[in-house]
Amino acid sequence: MGETNSGSKSSSRWCLQGMTALVTGGSKGIGYAIVEELAQLGATVHTCSRNEAELNESLNEWTTKGYRITGSVCDVTSRVKREELIARVSFQFNGKLNILVNNVGTNIQKQTMDFTAEDFAFLMNTNLESCFHLSQLAHPLLKASKAASIVFISSIAGVVATNLASVVYGASKGAMNQMTKNLACEWAKDNIRSNCIAPGVIRTPLAEKHLKEETIMNAVISQTPLGRIGEAEEVSSLVAFLCLPAASYITGQTICVDGGFSVNGLHILQP
């Protein structure tokens, strides 16, 4: 009898059954993989996308697979739309939320001197302000669940300097990494953990545009110890782990998922 209880307790540490989650930008790429991973582990998930056609296509796929996933059209760059999204989630999940994944992000690939004020504002709003505001709005729901987790999807561009991303993009992600630490400390009293994942070059629709250029692909692979591009599922698995009860003592961390790219120094070939 004791073994049964022990086994039950152990299995509950490794599943998300009965938990609720909001994942922004879940219709494609890393967001899609995160939504599916959380659902596979038992969570009930709500996601959003600016593109209604893409969202509906994804929702149909998930319905066919039997996952508990709903979605709504939302442009998270809009403050009003963010408020509407959280109001909808609050209604759907009865005022409680266990998991918030701030996944939405974009890049404008320009040299620093070519950036306009509008470019700067758009990137900071999309990558940083939206995550900050959504976390603010979701705080009462996360606190009400009594065991909550926020995961920010950052980038190695916020950890190391790389010309694969613009200066402003890197700055927005660096700020996100620091926000993760501060929220972890400030909201620990509310049993809300805050962690950040910094992916390297991952095979997504956004990255594919750059990876089509052979010189870029070869350069990335040559500087990545594991010698390949990452897959979205290799990011979503870490997101899911950080949300599990098994990860209950992990907070305030920024973890790179990049095949070793960010820790790779200069290697001089020996004759």
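The values are calculated or read from the model by the stated rules, or taken from the named source; none is laboratory data. What you see is a predicted model; the values in this text were computed from it and never measured. Heads up, the Cβs are rebuilt from the backbone with ideal geometry, glycines too, and the neighbour counts pull from every protein chain shown. All accessible areas refer to the heavy atoms of the entire protein, side chains included, with ligands and DNA or RNA removed. Shrake-Rupley method; radii C 1.70, N 1.55, O 1.52, S 1.80 Å.
If you go through the stretch 200-220, how many residues are assigned to a strand (DSSP E or B) and surrounded by 24 or more Cβ atoms within 10 Å (Cβ to Cβ)? Outline the logic, then answer.
Filtering the stretch 200-220 for residues assigned to a strand (DSSP E or B) gives 202.
Still in the list and also surrounded by 24 or more Cβ atoms within 10 Å (Cβ to Cβ): none.
Final tally of qualifying residues: 0.
If we scan the stretch 160-170, do we find a residue that is open to solvent by less than 20 Å² (accessible area, probe 1.4 Å), at pLDDT 95 or above and not in a loop (DSSP other than H, G, I, E, B)?
As a first pass, look at the stretch 160-170 and keep what is open to solvent by less than 20 Å² (accessible area, probe 1.4 Å): 165-166, 168, 170.
Next cut, at pLDDT 95 or above only: 168, 170.
If we keep only those that are not in a loop (DSSP other than H, G, I, E, B) as well, we get 168, 170.
Checking the stretch 160-170: at least one residue is open to solvent by less than 20 Å² (accessible area, probe 1.4 Å), at pLDDT 95 or above and not in a loop (DSSP other than H, G, I, E, B).
Residue-by-condition table, conditions (1) closer than 17 Å to Gly25 by Cβ; (2) among the aromatic types (Phe, Trp, Tyr):
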site	(1), (2)
Phe152	yes, yes
Ile156	no, no
Thr162	no, no
Ser166	no, no
Ser172	yes, no
Asn177	no, no
Study note, to complete from the structure: Reported set for the stretch 190-231 where residues are touching a Lys or Arg at 6+ places or on another chain (Cβ under 7 Å), at pLDDT 90 or above and more than 20 Å from Gly158 (Cβ to Cβ) is Asp190, Asn191, Ile192, Ile221, Glu231
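Can you name the helices (runs of 4 or more DSSP H) wholly within the stretch 1-68 that have at least 1 residues being at pLDDT below 95 and polar (S, T, N, Q)? Explain how you work it out, then say what you get.
Details: elements: 2-12, 29-40, 52-65.
So the answer is 2-12.
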Practice item. Check whether at least one residue in the stretch 108-122 is surrounded by 18 or more Cβ atoms within 10 Å (Cβ to Cβ) and in contact (Cβ under 8 Å) with a residue 40 or more places away in the chain, and report yes or no. Key: no
**Study point:** Cβ pairs under 6 Å, 6+ apart, first in the stretch 239-265 and touching a residue at least 40 places away in the same chain (Cβ under 8 Å) and farther than 19 Å from Trp187 by Cβ, second of a type in the set (D, E, K, R) and open to solvent by less than 30 Å² (accessible area, probe 1.4 Å)
**Key:** none
Exercise for review: Kindly indicate whether Arg193 is charged (D, E, K, R) and crowded, with 18+ Cβ neighbours inside 10 Å.
Suggested key: yes
Check your understanding: Got at least one residue in the stretch 107-114 being under 27 Å from Thr251 (Cβ atoms) and within 19 Å of the chain's Cα centre (by Cα)?
Key -> no
